[in-house]
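Visitor: Provided herewith is a single structure, encoded as structure tokens, for subsequent inquiry.
The values are calculated or read from the model by the stated rules, or taken from the named source; none is laboratory data. Source: prediction; values computed, not measured. Glycine gets a Cβ as well: all are built from the backbone with ideal geometry, and neighbour counts include every protein chain shown.
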């Protein structure tokens, strides 16, 4: 339990650090944020004064940070002038969509990488091993940008898959089952792209971790006991390799978040990616910070999940 | 001379009686008084800390020109003591007197000059050398650090030292890893001699080698001791070796020196339980052989 | 197919890329900003060795429609031979050299990789853009490595407080998703800037964000080297801290830095390409592989003009080359560590 609470504190510290970091960037950005807003005729000067006071633009830096953190905690992530709405509700929907995409991709990647990696590690030097190693090398050299563009081209040319978006226009009128199918159809391409980007690295690491475990003496003694290959691999070797693999899972959350950012933009998936890009291009800084904080929250949750899994799977950590 | 510790007097009494030896007519070269050292260890996962007392009031006397063996089981604190003596670690309390002067109280410059006089030879000779250095560079390194002589002189002195320990000149361009275990130990001794030390501490230096190599190194050490009037402190767990080489043996247990006596006295009449158990652990043949060689 | 072969192959591939890109002025037939408004999105020009009558010519040639249209039958076109190592008067905007690897006499036009919406030769833009992209990758990697090595050395060597503070900081940078981090830092910097400033900005941002991993690795090496017996021995001889760093610890770091360079440069090249693709990096009119691909964000370009993908395809052999190099370097540097 101490382990988990330590990790939780660690995650919270990360959030705090990112908030300070973002705040500093906000402060350092050339030009007063509210200058931009002033140029926007949709916002009245009255509103502007209220906002200025609320954000403490007339007070010291520390007070401003405190106010900002206060509003963060209350759920008020600021105001987006390009969308003319508070940031939080905007982010909520987008964040949900990104979460859907990334969790699906993560599950798919691990479901494929684990058995493949184990299988390949079990027979080192065999044709499968060499094929997999060559294939992963090639795939690792292909940038996700290209993968996304090519698959999008395939979608455009063949019409087999939708060329973007999350749901079809008539989504609201469909029955539940058809809604699910529509969603899945739209999910397919982005998830495939993310999968192809993540799978090679995962497979390599799974293979490496398994190879190390398979070389250890206790596995050899299990062979001597006459257990079947499959049993040894999955009931004994894989759990022993759990520790580095779970850490890998924790790391893969960050890479997946980055990858999904790009893929969402290219495939027009309505997630945090396109929102963030628009916000940057429009200099809508509070929206940018909001998106970054949300992504950090995802990261912290993902890492904490990994730590919890580690706690469950590795008895050495439970011994205190 | 036998040191006895009938009971624990107050620490200052111990220190005073210890220091009084330093003022005796023949000043011992090295005198350790009341040295204590403790470590704080952190459990890698739970983060709990607990302290380990590595040295607990160590008193040791080493006379000039003699060979003192420090014996004890693993974990008795022998290596810690050795490291404190060469200045690699700072003990939490106590004194180390070299030629009557307290080591630990000296200024940096004086400390540096004293450091040269005490050298350590490691157990694992492979790790004692930078793998990228050639044998010549290894032996010359102390000279380079102190900028003694020009390049050519350093080279010449390096080769001379190598010859003294029985290494051929042609091997000076070989990498340290290319040499065999015995050759590496010789190289380590050559390097230690570069600055003309007075005390050589051999930290289990003979433990890793084959017996035949051990014998060669022992002979080399004896020869060098005669030639350069060196003082040896042999840290070992091998009582038989100590019996063969040393004039005095100090038995260490749980961070304290429980008995320090002349070798013959210790073997015939061990006073402390630890000494007795170490002697009992020796195969009978070896004990008698060691006794014969005294 | 052993290690040495792969290493040499990778090295050769990389040398080829970098060499050609370095001499962009020589290899590119046109200037990167020269527009040909009458030939937007022209297909890559076909190079012929056999003419319409079936004769073989040693010197390859291209066809040029006499009436100036983009494509026509061979009868109505004029054959323009390709001249190698030709020297010409520099264009008004000036190519970098007046010597070119190959050139076609006007009115012949040779677009090896087609043209974009403004009729600019993609092949020339690819070469000049490669300069910018690869240079950005290299500069950013150097920045990261220098910064990382410096911070890692301090953390490893002086330990305790420095170590704690610096390593916590590196954890922050390592934990966050890199693209988000890049975006975050880029967001707060001005958007409308000249390509030159944008280039420097991109290099600075990418380099600054990437210091964490090299720093941790260098710290690890310094920490373990510090505890080695030979460092202890040198201390025993009275060596100063500076001597220890210089003679014993830093040489071990160099091998590590080289391997890291082989790993970081492709990542940073990709980062630059991504940023420029999204409009956050080097902008018009300066070419970079990223903004060459930017037009693919429009569906009609994506679907119809396949030659616009070619800069992205070129990244594949580049990354493979770096991967081979990195693998080989990792093997080599393992050997000397005791």
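Visitor: Please specify each residue of region C:97-118 satisfying the condition of being modelled with pLDDT of 85 or more and either in contact with a strand residue (DSSP E or B) (Cβ under 7 Å, 6 or more places away or on another chain) or surrounded by fewer than 18 Cβ atoms within 10 Å (Cβ to Cβ) (or both).
Guide: Selection gives C:115, C:117, C:118.
Visitor: With the structure loaded, tell me whether residue A:214 is in contact (Cβ under 8 Å) with a residue 40 or more places away in the chain and under 16 Å from the mean Cα position of the chain (by Cα) or whether it fails that test.
Guide: So residue A:214 does not fit the description; no.
Visitor: For region A:275-284, which positions are surrounded by 22 or more Cβ atoms within 10 Å (Cβ to Cβ) and at the interface with chain C (Cβ under 7 Å from one of its Cβ atoms)?
Guide: Once the filter is applied, which keeps residues that are surrounded by 22 or more Cβ atoms within 10 Å (Cβ to Cβ) and at the interface with chain C (Cβ under 7 Å from one of its Cβ atoms), region A:275-284 yields A:276, A:280.
Visitor: Right, here's the next one. Might you let me know whether region B:71-78 holds any residue that is assigned to a strand (DSSP E or B) and surrounded by fewer than 15 Cβ atoms within 10 Å (Cβ to Cβ)?
Guide: no
Visitor: With respect to residue C:164, is the statement that it is farther than 29 Å from residue A:260 by Cα and within 14 Å of chain A (Cβ to nearest Cβ) true?
Guide: Judged against the criteria, residue C:164 is a match.
Visitor: Continuing with the same structure: Has region C:262-271 got any residue that is free of Cβ contacts under 8 Å to residues at least 24 places away in the same chain and either assigned to a helix (DSSP H, G or I) or on the phi > 0 side of the Ramachandran plot (or both)?
Guide: No - not one qualifying residue is present in region C:262-271.
Visitor: Separate question: Just to be sure before I move on: is residue A:109 within 13 Å of chain C (Cβ to nearest Cβ), within 30 Å of residue C:310 (Cβ to Cβ) and in contact (Cβ under 8 Å) with a residue 12 or more places away in the chain in the structure I sent?
Guide: Judged against the criteria, residue A:109 is not a match.
Visitor: Here is a check on your reading of the model: is residue B:201 part of a helix (DSSP H, G or I), under 24 Å from residue B:250 (Cα atoms) and either within 13 Å of chain C (Cβ to nearest Cβ) or under 16 Å from the mean Cα position of the chain (by Cα) (or both)?
Guide: no
Visitor: Could you list, in sequence order, the residues of region A:18-70 that are within 12 Å of another protein chain (Cβ to nearest Cβ), outside any helix (DSSP H, G or I) and either at pLDDT 65 or above or closer than 24 Å to residue C:177 by Cβ (or both)?
Guide: If the condition is that a residue be within 12 Å of another protein chain (Cβ to nearest Cβ), outside any helix (DSSP H, G or I) and either at pLDDT 65 or above or closer than 24 Å to residue C:177 by Cβ (or both), then A:29 is the only one that fits.
Visitor: Taking the residues in region B:131-153 that are within 7 Å of chain C (Cβ to nearest Cβ) and under 30 Å from residue B:96 (Cα atoms) as candidates, determine which candidate is surrounded by the most Cβ atoms within 10 Å (Cβ to Cβ).
Guide: B:142
Visitor: Here is a check on your reading of the model: is residue B:191 at pLDDT 85 or above and either assigned to a loop (DSSP other than H, G, I, E, B) or away from chain C (no Cβ under 14 Å) (or both)?
Guide: Judged against the criteria, residue B:191 is not a match.
Visitor: Every residue in region B:36-70 that is in contact with a helix residue (DSSP H, G or I) (Cβ under 8 Å, 6 or more places away or on another chain), assigned to a strand (DSSP E or B) and under 30 Å from residue A:317 (Cα atoms), please.
Guide: Correct list: B:54 only.
Visitor: In addition: Out of (1) surrounded by 20 or more Cβ atoms within 10 Å (Cβ to Cβ); (2) more than 30 Å from residue C:2 (Cβ to Cβ), what's the single condition that is false for residue A:203?
Guide: Checking residue A:203 against (1) surrounded by 20 or more Cβ atoms within 10 Å (Cβ to Cβ); (2) more than 30 Å from residue C:2 (Cβ to Cβ), the one that fails is (2).
Visitor: Between A:282, A:240, which is in the same structural domain as residue A:124 (by TED's automatic domain parsing) and touching a helix residue (DSSP H, G or I) at 6+ places or on another chain (Cβ under 6 Å)?
Guide: A:240
Visitor: Does residue C:258 satisfy being within 30 Å of residue B:192 (Cα to Cα) and surrounded by fewer than 20 Cβ atoms within 10 Å (Cβ to Cβ)?
Guide: Here the answer is no, as residue C:258 does not meet what is asked.
Visitor: Mind listing whichever residues of region C:295-318 are facing chain A (nearest Cβ under 7 Å) and within 16 Å of residue C:279 (Cβ to Cβ)?
Guide: C:296 - this is the single residue of region C:295-318 that is facing chain A (nearest Cβ under 7 Å) and within 16 Å of residue C:279 (Cβ to Cβ).
Visitor: Based on what the data block shows, is residue A:265 within 11 Å of chain C (Cβ to nearest Cβ), part of a helix (DSSP H, G or I), over 27 Å from residue A:311 (Cα atoms) and touching a helix residue (DSSP H, G or I) at 6+ places or on another chain (Cβ under 6 Å)?
Guide: Criteria met by residue A:265.
Residues are listed down the side, and each one gets a yes or a no for (1) surrounded by fewer than 19 Cβ atoms within 10 Å (Cβ to Cβ); (2) in contact (Cβ under 8 Å) with a residue 60 or more places away in the chain:
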{"position": "B:175", "(1), (2)": "yes, no"}
{"position": "B:180", "(1), (2)": "yes, no"}
{"position": "B:191", "(1), (2)": "no, no"}
{"position": "B:198", "(1), (2)": "no, yes"}
{"position": "B:205", "(1), (2)": "no, yes"}
{"position": "B:213", "(1), (2)": "yes, no"}
{"position": "B:236", "(1), (2)": "no, yes"}
{"position": "B:255", "(1), (2)": "no, yes"}
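Visitor: Could you tell me how many of the residues in region C:187-207 are within 12 Å of chain A (Cβ to nearest Cβ) and at pLDDT 85 or above?
Guide: Of the residues in that region, 1 qualify.
Visitor: Can you name the condition, by its number, that residue C:248 falls short on among (1) within 10 Å of another protein chain (Cβ to nearest Cβ); (2) touching a residue at least 12 places away in the same chain (Cβ under 8 Å); (3) outside any helix (DSSP H, G or I)?
Guide: Against the list (1) within 10 Å of another protein chain (Cβ to nearest Cβ); (2) touching a residue at least 12 places away in the same chain (Cβ under 8 Å); (3) outside any helix (DSSP H, G or I), residue C:248 comes up short only on (3).
Visitor: For region C:215-243, how many residues are touching a helix residue (DSSP H, G or I) at 6+ places or on another chain (Cβ under 6 Å), within 14 Å of chain B (Cβ to nearest Cβ) and in contact (Cβ under 8 Å) with a residue 24 or more places away in the chain?
Guide: Looking only at that region, the number is 2.
Visitor: Identify the single condition in (1) modelled with pLDDT under 90; (2) more than 20 Å from the chain's Cα centre (by Cα); (3) crowded, with 19+ Cβ neighbours inside 10 Å that residue A:151 does not satisfy, given that it satisfies every other one.
Guide: So the condition that residue A:151 fails would be (1).
Condition check ((1) buried (at least 20 other Cβ atoms within 10 Å of the Cβ); (2) out of contact with any helix residue (DSSP H, G or I) (no Cβ under 8 Å at 6 or more places or on another chain); (3) in contact (Cβ under 8 Å) with a residue 60 or more places away in the chain) across all residues:
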{"residue": "A:61", "(1), (2), (3)": "no, no, no"}
{"residue": "A:78", "(1), (2), (3)": "yes, no, yes"}
{"residue": "A:82", "(1), (2), (3)": "no, no, yes"}
{"residue": "A:85", "(1), (2), (3)": "no, yes, no"}
{"residue": "A:88", "(1), (2), (3)": "no, no, yes"}
{"residue": "A:92", "(1), (2), (3)": "no, yes, no"}
{"residue": "A:103", "(1), (2), (3)": "no, yes, no"}
{"residue": "A:117", "(1), (2), (3)": "yes, no, yes"}
{"residue": "A:142", "(1), (2), (3)": "no, no, no"}
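Visitor: Something else now. State yes or no: is residue B:169 without any contact (Cβ under 8 Å) to a residue 24 or more places away in the chain, under 28 Å from residue B:101 (Cα atoms) and more than 9 Å from chain C (Cβ to nearest Cβ)?
Guide: no
Visitor: Take the conditions within 14 Å of chain A (Cβ to nearest Cβ), crowded, with 20+ Cβ neighbours inside 10 Å and on the phi < 0 side of the Ramachandran plot and apply them to residue C:212. Does it pass?
Guide: In short, yes.
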